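Quick notes on the structure that follows.
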Amino acid sequence: MNPSVIIGNLCSLLGTGADSISTTRKNTKGMLWMQTLGQLLFGIGTFVLGGYSGVVQNVVSILRNFVAIRGIRNSFLEWTLVALGVVLGIAFNNLGFVGLLPVLANLQYTLVIFRFREQERILKISFSVFVVLLAVFNLAIYNVVGAVMNVVVLITTVVVLVRNR
């Protein structure tokens, strides 16, 4: 087996662990910090696996989370991050339509974070959509662990949502 597939899948496994923990956090800052760690690990794994539009989205997600955690409410900065994610995602897309999935996932989640950052339930619902799109992307780049773990994170998130309704 190709070492890059092993390394990429291992990074995704660790990143998914962070994402799973994030869905159990009771406050949005704790949730976003754990997702930042997850995005860093996913970014490394996605880079190794050659999904460059995904790597760009991981970097933009980290920046977005820092802005949200710090409580910065600046429309220009928020829209700049949204535009940066879309433009760089398209520019670095080397996988056709599949390469647009992380761009779409990040776009919708970024908009929700900036508009509903204090509403934990809405963030978790949006995060569920995010991981579904990433599961498909991960399968396309042979990140089987990432795809399976995206499904695990989805299940974890849905269970937490149902328990806390």
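The values are calculated or read from the model by the stated rules, or taken from the named source; none is laboratory data. Predicted model, so just to flag it, every value in this text is computed and none were measured. Cβ coordinates were reconstructed from backbone atoms using ideal geometry, including for glycine residues, and neighbour counts include every protein chain displayed. All accessible areas refer to the heavy atoms of the entire protein, side chains included, with ligands and DNA or RNA removed. Shrake-Rupley method; radii C 1.70, N 1.55, O 1.52, S 1.80 Å.
Numbers for the structure displayed
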read-out	value
The stretch 47-150 - charge dipole about Cα centre, Lys and Arg +1 at Cβ, Asp and Glu -1, debye rounded to 20	220
Of the DSSP H helices in the chain, those whose Cα atoms cover at least 24 Å axially and whose Kyte score averages 0.5 or more	3-22, 28-49, 52-69, 97-116, 120-140, 144-163
Accessible area in the full protein assembly, largest first, 1.4 Å probe, for Met1, Met149	Met1, Met149
Sites Leu77 and Gln108, calculated FRET efficiency, Cβ-Cβ separation with R0 30 Å, nearest 0.05	0.95
Protein-only accessible surface order, largest first, of Glu118, Glu78 at 1.4 Å	Glu118, Glu78
Accessible area per residue, Å², the stretch 26-165 with all protein chains present, probe 1.4 Å	48
Accessible area of the stretch 1-73 belonging to carbon and sulfur atoms, whole % at 1.4 Å probe	73
Ranking by accessible area, most exposed first, for Lys29, Lys124 with a 1.4 Å probe	Lys29, Lys124
FRET efficiency, Asn94 to Arg163 (Cβ-Cβ, R0 35 Å, nearest 0.05)	0.30
Of Gly51, Ser75, Gly15, farthest towards positive along the dipole that unit charges on Lys, Arg, Asp, Glu beta carbons give the stretch 1-128	Ser75
Span from the the stretch 1-69 Cα centroid across to the the stretch 120-165 one, whole angstrom	12
The chain, helix-only ellipticity at 222 nm - DSSP H runs n ≥ 4, -39,500 (n - 2.57), divided by all residues, nearest 500	-28500 deg cm²/dmol
